[in-house]
1. Of the residues that sit in the stretch 33-56 and are outside any loop (DSSP other than H, G, I, E, B) and over 14 Å from the mean Cα position of the chain (by Cα), which one is farthest from Gly87 (Cα to Cα)?
2. Kindly provide the set of residues from the stretch 1-32 that are more than 16 Å from the chain's Cα centre (by Cα), outside any loop (DSSP other than H, G, I, E, B) and not hydrophobic (A, V, I, L, M, F, W, C), ordered by number.
3. Between Val51, Val61, which is among the β-branched types (Val, Ile, Thr) and over 28 Å from Phe9 (Cβ atoms)?
4. Evaluate the following for Ile57: is it in contact with a helix residue (DSSP H, G or I) (Cβ under 7 Å, 6 or more places away or on another chain), closer than 16 Å to Tyr89 by Cβ and either among the aromatic types (Phe, Trp, Tyr) or surrounded by 10 or more Cβ atoms within 10 Å (Cβ to Cβ) (or both)?
Amino acid sequence: MRQPVTMHFDPAVLLAARSKAASDNRTPTRYIETLMRHDLHMEDAEPTLEVIAPAGIRDSVIVPNPHETAEERKHRDEVFFAVLDAGGY
């Protein structure tokens, strides 16, 4: 379980961290935790999946698979959008 903490940063450092985190589609917290884990030579506690997609990906039309059932299509759409949600898209 994650534990909240209070930290104080130089405003320029915080601005740069927020900008970098946003460009990587992650929260500043996750970005800083990743830096700390790397510096401390610790592995991620949770498996990660990096999602790289164009900004307008949610406006795309998903091409149907002609052999899938309506239930399979619904499941595929749910998985696709869950991955986009997890990636911050």
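The numbers here are math on the coordinates, done by the rules we state, and not lab data. Please read these numbers as outputs of a predicted model, since none were measured by experiment. FYI the Cβ positions are ideal-geometry reconstructions off the backbone, even for glycines, and counts take in every protein chain you see.
1. That would be Asp39.
2. Across the stretch 1-32, the qualifying residue is only Pro11.
3. Matching residue, one of Val51, Val61: Val61.
4. yes
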